[in-house]
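As structure tokens, the structure follows; a few thoughts come after it.
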Amino acid sequence: MTNDELIAALRDADAVKFGEFELSHGGTSEYYVDKYLFETDPHCLRLIAEAFAEELCGEKLAGVALGAVPLVAVTSVETDTPYVIARKQAKEYGTGNRIEGRLAEGEEVVVLEDIATTGKSALDAVEALRDAGAVVDRVLVVVDRQEGARERLAEADVELDALVTADDLLDDEHAS
């Protein structure tokens with residue numbers, strides 16, 4: 001798969017919107033990437049799983065709840081690799097786990113995420129996984145909005161790899 005295929009699929013799913021949007025970190029943007037439109041589209045999910053699979057090196061997978069769960073699930077099936085889910089906070093019932101699934105001490109894990117803006121949710125997941133004994137040095141995202149996530153993660157010795165950057169997505173979107 002090429003970036004062009006994924007960009008076309010995201011556009012076909014109407015996942016890129018233009019206007020004025022408030023983002024989760026409180027800032028505003030002239031564009032919005034609607035993860036729910038691409039994460040509920042089977043064609044997009046298939047392309048994302050294939051692209052993530054090409055980037056993996058045998059690590060266990062982790063998805064950030066809730067947004068990245070569909071992505072980590074399809075990638076797990078594509079690669080036949082187990083995964084865990086990193087919650088934003090421990091649930092207050094049942095097992096009270098912050099990490100759901102089987103995770104062994106010292107296990108190498110790569111975090112899958114939908115969209116990186118500031119990198120806060122990905123970094124929170126990395127820290128939770130590290131606290132649980134995992135070795136985490138990489139986050140894979142579908143879209144890097146190029147608004148500081150790479151730098152924030154680098155401060156924690158974590159590499160950010162993106163299938164598509166905002167520049168790629170917006171240049172292609174405007175050219176269509």
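Specify the longest stretch of the chain that does not include any exposed loop site, a site being one of the trypsin sites (Lys or Arg not before Pro) with a non-H, G, I, E, B DSSP assignment and at most 14 other Cβ atoms within 10 Å. Working shown, then result.
Numbers: sites that count: Lys88, Lys91, Arg102.
Answer - 1-87.
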Inset, instruction - Could you pull out the GluC sites (Glu not before Pro) across region 30-128 that fall in loop regions by DSSP (anything but H, G, I, E, B) with no more than 13 other Cβ atoms inside 10 Å? - result: Glu92, Glu105
Inset, instruction - Can you give me the P(r) profile for the chain? Cα pairs, bins 5 angstrom wide beginning at 0, each as a whole percent. - result: 1, 9, 18, 21, 21, 15, 9, 4, 1, 0, 0
Inset, instruction - Return a single number: how many Lys pairs in the chain, at a sequence separation of 8 or more or on separate chains, have alpha-carbon atoms below 22 angstrom apart. - result: 7
Legend entry - Cβ charges +1 (Lys, Arg) and -1 (Asp, Glu), total dipole of the chain, debye: 800
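Step by step: find N for region 1-82, compute 2.2 N^0.38 Å, then divide the Cα radius of gyration by it. What's the final number? Write down the numbers at each step before the final one.
Details: Rg = 13.9 Å, N = 82, 2.2 N^0.38 = 11.7 Å.
So region 1-82 has a normalised radius of gyration of 1.18.
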Legend entry - Assigned charges on the beta-carbon of Lys, Arg, Asp, Glu; region 1-87 dipole about Cα centre (debye): 340
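Taken together, the values in this text are just the output of simple stated rules run on the coordinates, not laboratory data. Nothing here was measured: the structure is a model prediction, and the numbers come from that model. FYI the Cβ positions are ideal-geometry reconstructions off the backbone, even for glycines, and counts take in every protein chain you see.
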